[in-house]
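Working notes, structure below.
Each reported figure results from applying straightforward, stated rules to the coordinates on display, with no laboratory input. Please read all numbers here as calculations on a predicted model, not as lab measurements. Cβ placement follows ideal geometry from the backbone for every residue including glycine, while neighbour counts extend to all protein chains displayed.
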Amino acid sequence: MKPRERVLQTLLHSEPDCVPFDLGSTLVSGIHTTAYRNLLSFLKLPQNNHHIQDEIQQLAQMDKDVLQHLHVDTRGVFLQNPKGWTAQYHEDKHYRFFKDIWRITWRMPREGGYYYDLWKSPLRGAQSADLATYPWPDPVDAGRIEGLEEKAKNLWEVGEYPVILGSTGMAPGLLQTSEWLLGFEECYARLAGDTIFMDTLLDILAEKELAFWKFFLPRLGKYFDIVVFADDFAGQQGLLLSKNMFRYYFKPRYGQIFSLIKKKAPHISIFFHSCGAIYELIPELVEMGIDILKAVQESAEGMDPKKLKKEFGDCLTFWGGIDTQWVLPFGNICDVKDEVKRRIDELAPGGGYIFGTVHNIQADVPPQNIMALWESFQEIKAYCKA
């Protein structure tokens, strides 16, 4: 069975020949460039001058030969930078700074830094009138899809792998983008106490998102099987905002976006990543129109995989599940292998499960643990057919 057939069959909640495996097809299932270099060295594979797939997270763009070597079933296609926009960098004695297309500034320590962290939020203290004159990114900038049609069409026509838009469409999450534009503290204070401002801001972000999909889908939608969304609505112990707040601000806006995608490209599955203790929101996410839930973070409150499979396995495909907080970076090889077996036992039966990690493989994950994950998966990935 080809990987594309394998993935599409499991999305239909039917067991293919084996559980599909994802690594590197999205910006939330990738590998940090440090861990990637260590893995290549461990496998004695060429250390090519690989590109950074995501600047802020410092994710590696995985080489095709490595994906084939590891029998990865998924392939991601990623949006490009807008035309006429160049990332802005500068340095001081201690940090490297990066300004993104939203004019948000990030910084990373020059010594020992692994990621860019939020540094300056450009809309901190803004008023509603300021939003009308803010230089928002252009959702229909042709540069963002330059070269994508050829890549996606080639993958689709060959038919070997499912074609995934591995980066988010316009905004990297309605809540997350608001947090970064305003700063975390101000964002949550305004969600609670400045409804007029937050409605205005979120309407603008949602309008940009809708404009992007109206631009993207007629041109490229037919070549894609899955599109990715990501927004973190929970922490380790619970939600970051009330369910009522979620229902007021985010559910209707995401519902409108997902409805548009389903109308314009009904064959596309909507992949939604949200870390943490999101159990209470899963019925809301299903009502919004998602098909795939990414994270399945067992270490978070209420996120027992067996419970999730029992309650939502008929309507959701689960993606990921291997712990990236503790087991992969700090566990031993036996811990990793036990984790792999548990996830497959809990989530794979009946289809509707794509194997992978909760989030990106971080810089401190030893290559021995990555290969223990892979080797254990290869041993038990086949479904037991009667």
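Of note:
- All conditions but one from (1) under 14 Å from residue 370 (Cβ atoms); (2) out of contact with any strand residue (DSSP E or B) (no Cβ under 9 Å at 6 or more places or on another chain); (3) among the hydroxyl-bearing types (Ser, Thr, Tyr) apply to residue 29; the one that does not is (2).
- Hits in the stretch 52-85 (condition: over 24 Å from residue 320 (Cα atoms), surrounded by fewer than 16 Cβ atoms within 10 Å (Cβ to Cβ) and not charged (D, E, K, R)): 80, 81, 84, 85
- Checking residue 283 against (1) in a loop (DSSP other than H, G, I, E, B); (2) loosely packed, with under 15 Cβ neighbours inside 10 Å, the condition it does not meet: (1)
- Residues of the stretch 229-265 satisfying the condition of being among the hydroxyl-bearing types (Ser, Thr, Tyr) and assigned to a loop (DSSP other than H, G, I, E, B): 242
- Scanning the stretch 261-289 for residues that are of a type in the set (Lys, Arg) and free of Cβ contacts under 8 Å to residues at least 40 places away in the same chain, we see that the one that is farthest from residue 29 (Cα to Cα) is 263.
- If only residues of the stretch 7-46 that are part of a strand (DSSP E or B) and hydrophobic (A, V, I, L, M, F, W, C) are counted, the one that is surrounded by the fewest Cβ atoms within 10 Å (Cβ to Cβ) is 18.
- Complete set of residues in the stretch 1-51 that are within 19 Å of residue 365 (Cα to Cα), over 20 Å from the mean Cα position of the chain (by Cα) and of a type in the set (A, V, I, L, M): 39, 40, 43, 45
- Test: residue 334 is free of Cβ contacts under 8 Å to residues at least 40 places away in the same chain, closer than 30 Å to residue 34 by Cα and out of contact with any His (no Cβ under 7 Å at 6 or more places or on another chain): yes
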